[in-house]
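As structure tokens, the structure follows; a few thoughts come after it.
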Amino acid sequence: MFVRALYPGSFDPIHNGHLDIALRASRIFDEVVVAVFETPKKRLLFSTDERLDMVRKTFDGVDNIRVAKFSGFTVDYAKEVNAIVLVRGLRVFSDFEAEFRMGLANKKLAPEIETVSIMTDEKHVYLSSSTIREIAEYGGDVSSMTPAHVADALAQRFADLRANQNSPGYMYSLRD
Ligand code: ADP
């Protein structure tokens, strides 16, 4: 049986922790759809198309990873693309409670879809998009935490925001 998995997230921006989970999932499942959630309940640094473009570049050349964007319920999108598995990454214990709750809610909404959580590599345990944004905002080097094109995009975005301090994005919160 051909098994397609969906790996959803905000990817604002994508980092090496996400990359590792998607690649490991691509070795387990026949195809992985990495899907950028368009309207997360958090303030975003990058637009949907920017996030999508960074995710696309990240997986360019990986045969069984497809990249897409979605809105609405994750399980509805999973059904739309015929994915029967939702992949999630687990970092620290504090992720567990939220992931457990979300996994059970998704199960209630769509009992036919299974959530599979993959434990992070210890190298990536501290990585989150918010930490990376915070480091990049203060000019820190994030090149060991993200693909090179993402580190470039972060440097460019914060340079633009600094040049235009009145823009609404400048005071954006660093927390998720
Ligand atoms: P974040 O803003 O927390 O980086 P996303 O909403 O983009 O997260 O996360 C998408 C998925 O990737 C979630 O399942 C999340 O737990 C997982 N993830 C995020 N960071 C890591 C990491 N460092 N290692 C493994 N999985 C991660």
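Do you know which residues across the stretch 104-135 are in contact (Cβ under 8 Å) with a residue 60 or more places away in the chain and among the polar types (S, T, N, Q)?
Across the stretch 104-135, the qualifying residues are Thr120, Ser128, Ser129.
Filter the stretch 1-53 for residues that are among the small types (Gly, Ala, Ser) and surrounded by 16 or more Cβ atoms within 10 Å (Cβ to Cβ); which is nearest to Ala78 (Cα to Cα)? Let's see the steps before the verdict.
Initially, the stretch 1-53 is screened for residues among the small types (Gly, Ala, Ser), giving 5, 9-10, 17, 22, 25-26, 35, 47.
Going one step further and asking which of them are surrounded by 16 or more Cβ atoms within 10 Å (Cβ to Cβ), we end up with 5, 9-10, 17, 22, 25-26, 35.
Values: Ala5: 8, Gly9: 13, Ser10: 16, Gly17: 22, Ala22: 16, Ala25: 15, Ser26: 16, Ala35: 10 Å.
For the stretch 1-53, the residue satisfying everything is Ala5.
Would you pick out the residues in the stretch 115-143 that are touching a strand residue (DSSP E or B) at 6+ places or on another chain (Cβ under 7 Å) and surrounded by fewer than 15 Cβ atoms within 10 Å (Cβ to Cβ)? If you could, list the steps in order and put the result at the bottom.
Our first condition is that a residue be touching a strand residue (DSSP E or B) at 6+ places or on another chain (Cβ under 7 Å); within the stretch 115-143, this holds for 115-120.
Result: Val116, Met119.
Being at pLDDT below 95 and either more than 8 Å from the ligand (Cβ to nearest atom) or not assigned by TED's automatic domain parsing to the domain that holds Arg24 (or both) is the filter here; which residues of the stretch 77-99 pass it?
Val92, Phe93, Ser94, Phe96, Glu97, Ala98
Anything in the stretch 6-42 that is over 12 Å from the mean Cα position of the chain (by Cα), within 12 Å of the ligand (Cβ to nearest atom) and either modelled with pLDDT under 95 or not assigned by TED's automatic domain parsing to the domain that holds Ile84 (or both)? List them, or say none.
Of all residues in the stretch 6-42, those over 12 Å from the mean Cα position of the chain (by Cα) come to 23-32, 39, 41-42.
When the remaining residues are screened for being within 12 Å of the ligand (Cβ to nearest atom), the result is 23-25, 41-42.
Correct list: Lys41, Lys42.
The values are calculated or read from the model by the stated rules, or taken from the named source; none is laboratory data. These numbers come from a predicted model, not from an experiment. Cβ coordinates were reconstructed from backbone atoms using ideal geometry, including for glycine residues, and neighbour counts include every protein chain displayed.
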